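Single-structure report; data block below.
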Amino acid sequence: MLLKNIAIHYQQKNQSGEVVAVKQFDYQFQSGKTYAIIGPSGCGKSSILLSMAGLIQPTMGTVEYMGLPLLQPHSAISLILQDYGLFPWKTVWENATLGLALRGKMTEQKVEQVQQILKFLGLHELGKRYPKELSGGQRQRVAIARALATNPQLLLMDEPLSALDALTREAMQDLLLDIWQRQQLTLVIVTHNIEEAVFLGQEIIVMTSSPGEIRSVFNNPYCGDHTFRSSNHFYQYCSDIRKQLLPTIDSLGGGKDE
Amino acid sequence: MSDNNRFYHKLVKLLPFLASSLLLFLLWHFLSVILNRTVLPTPLEAIEQFIYYLNRGLIEHFMISAYRVIISLLIAFVIAVPLGFWMGRNPDIDKYLSPLVYITYPIPKSVFLPIFVVLFGLGDLPKIILITTIVFFQILVTARDSARGVPEANVLSMRSLDANSWQIYRHVIWPSCLPDILTSLRISLGTAIAVLFLAETFASITGLGYFIMDSMGRQAFSRMFAGIMAMGILGLLMYLVIDWIEARYCKWQK
């Protein structure tokens, strides 16, 4: 996935002006690696993710996937939204298989595959439940199951763990690493959380405040090791990234919602 | 769960309904006793007359009225829901159609009944057109507002799964709006039955409205109450059908 000098502007509602969400973003995401994009609220990280999912087109520059311009959602790319994007009127099973059903790919083999994914995620006995009958962590796992059901090569996640308590959040981070290692996919996660970015990103992209652009990139060779969280390297990375983020937060006077 | 337990649970569920009905009948009874006029018989007399007239034309009138109101609601539903969704999801379309709704919605359509009768005769058609016209707007406005309120995150989630417009309507807009639409149907049902009564009292010789007014003309008040009870039962049955649809298709809301 190649983002070539993209800029993203939005038309302001009921106003004639434009909001610049992303000033400039130029980056190549390599296959099989994990990436964390971190930055203050309003820096355009979610917009970058939506453009990588083919859901919005950049105002300037191009998004290329497998050497071709990405003009619409691609079957090899899955996106998990901040509030999980689950439908309350669909059961766990219906939510998990929705992507397959929409693409008309509900073959016996695929159904078997989804059953295995649900089993791996500990959801196999909850198939008939509705999202409101699940805990936050379970809902998150259903969203992951749905994303994995279509067998993606690239998994995009927008603040996927922000609504979870600290312990569930760490368990889900471990699970994401397991999935990444098992499925050998490319993982791009957008987050506010420094510890999460350090634990999950082999490359950590730090953004400036609005309008967003890349401030710095950290290479993190320790990512993938489940014990990394309790090492000195982990704290060092967190500290370095915090230093990078502090000026952007100060310039905002605290931060605002995206 | 054993049969006894099941019966007990059903009874517990029915209890509030039975208690309310009993209260209503008691109030009616006391009112009838206090008033002591033939125009208001006691509930027992009315029930007796209701049973008596069932095989003497009441069922036929009931079926005709039920047919008129069900067909009207179905036609209004089939046209208003897709149109409401279309308006709610397309601001450009809404911009042009909404003023039309605002201008035509407040007009009391019942005044058009004589015109419908002249145009379409004395049969079912003018009555169905009148009820449909009135109920249509209630469902349309609800469907439009509900579709407009569907969170964009839900639509985005569907688009990320490569869903086309039809799939977004089927899997997101429709199920998301269904509870609101069923509520509007409940409200519309009351309106529909009130309009049905009006339509059947004007240049008509069939239906419960006619049965009631004909009884009044003959000063057969017990017979009139049998008709009123039949109309109440018609409303209640349809209300129960909507409840059943909600329980069946909106399970996720429980």
Would you kindly identify the strands (runs of 3 or more DSSP E) lying entirely within the stretch A:24-119 that contain at least 2 residues that are surrounded by fewer than 19 Cβ atoms within 10 Å (Cβ to Cβ), more than 13 Å from chain B (Cβ to nearest Cβ) and out of contact with any Gly (no Cβ under 8 Å at 6 or more places or on another chain)?
A:60-65
Here is a check on your reading of the model: is B:S157 at pLDDT 95 or above and either within 14 Å of chain A (Cβ to nearest Cβ) or over 24 Å from B:M87 (Cα atoms) (or both)?
no
For B:F25, state whether it is surrounded by 11 or more Cβ atoms within 10 Å (Cβ to Cβ), farther than 23 Å from B:T191 by Cα and free of Cβ contacts under 8 Å to residues at least 60 places away in the same chain.
yes
From (1) surrounded by fewer than 22 Cβ atoms within 10 Å (Cβ to Cβ); (2) within 30 Å of A:Q28 (Cα to Cα); (3) not aliphatic (A, V, I, L, M), pick out the condition that doesn't hold for A:P160.
(1)
Pairs under 6 Å by beta carbon, first residue touching a residue at least 60 places away in the same chain (Cβ under 8 Å) in the stretch A:150-169, partner part of a helix (DSSP H, G or I), six or more apart or different chains?
A:T150/A:G99; A:L155/A:A147; A:L156/A:L49; A:L156/A:M52; A:D158/A:S46; A:D158/A:L49; A:A163/A:G136
With respect to B:L54, determine if the residue is under 18 Å from B:T142 (Cα atoms), part of a helix (DSSP H, G or I) and assigned by TED's automatic domain parsing to the domain that holds B:V141.
no
What is the residue count in the stretch B:146-186 for residues that are surrounded by fewer than 15 Cβ atoms within 10 Å (Cβ to Cβ) and touching a helix residue (DSSP H, G or I) at 6+ places or on another chain (Cβ under 6 Å)?
1
Please work out if B:F112 is touching a Ser or Thr at 6+ places or on another chain (Cβ under 8 Å) and either in a helix (DSSP H, G or I) or more than 30 Å from A:I80 (Cα to Cα) (or both).
yes
Considering only residues that are out of contact with any Pro (no Cβ under 6 Å at 6 or more places or on another chain), at positive phi and not aliphatic (A, V, I, L, M), look in the stretch A:40-69 and name the one that is modelled with the lowest pLDDT.
A:G42
Give the residues of the stretch B:142-159 that are within 25 Å of the chain's Cα centre (by Cα) and in a helix (DSSP H, G or I), sorted by residue number.
B:T142, B:A143, B:R144, B:D145, B:S146, B:A147, B:R148
Does any residue in the stretch A:106-128 that is closer than 15 Å to A:R141 by Cα come within less than 6 Å, Cβ to Cβ, of a residue that is among the small types (G, A, S) six or more places away or on a different chain, and which pairs are these?
A:V114/A:A96; A:V114/A:A149; A:I117/A:A145; A:L118/A:A145; A:L121/A:A145
Going through the stretch A:120-157 one residue at a time, which ones are away from chain B (no Cβ under 14 Å), surrounded by fewer than 17 Cβ atoms within 10 Å (Cβ to Cβ) and in a helix (DSSP H, G or I)?
A:G136
Only one residue in B:S165, B:S146 is in contact with a Cys (Cβ under 7 Å, 6 or more places away or on another chain) and within 14 Å of another protein chain (Cβ to nearest Cβ), so which one is that?
B:S146
Applying the selection to the stretch B:233-244, what residues are out of contact with any Lys or Arg (no Cβ under 8 Å at 6 or more places or on another chain) and surrounded by 14 or more Cβ atoms within 10 Å (Cβ to Cβ)?
B:I233, B:L234, B:G235, B:M238
Here's a check for you: in the stretch A:158-173, which residue that is within 10 Å of the chain's Cα centre (by Cα) and at pLDDT 85 or above is nearest to the other protein chains (Cβ to nearest Cβ)?
A:D158
Quick check on the stretch B:59-69. Is at least one of its residues assigned to a helix (DSSP H, G or I), under 24 Å from the mean Cα position of the chain (by Cα) and not assigned by TED's automatic domain parsing to the domain that holds B:M213?
no
I need a count of the residues in the stretch A:207-223 that are surrounded by 22 or more Cβ atoms within 10 Å (Cβ to Cβ) and assigned to a strand (DSSP E or B).
2
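The values are calculated or read from the model by the stated rules, or taken from the named source; none is laboratory data. Values in this document were obtained by computation on a predicted structure and should not be read as measured data. A quick note on method: Cβ atoms are made from the backbone with ideal geometry, for glycine too, and the neighbour counts reach across all protein chains shown.
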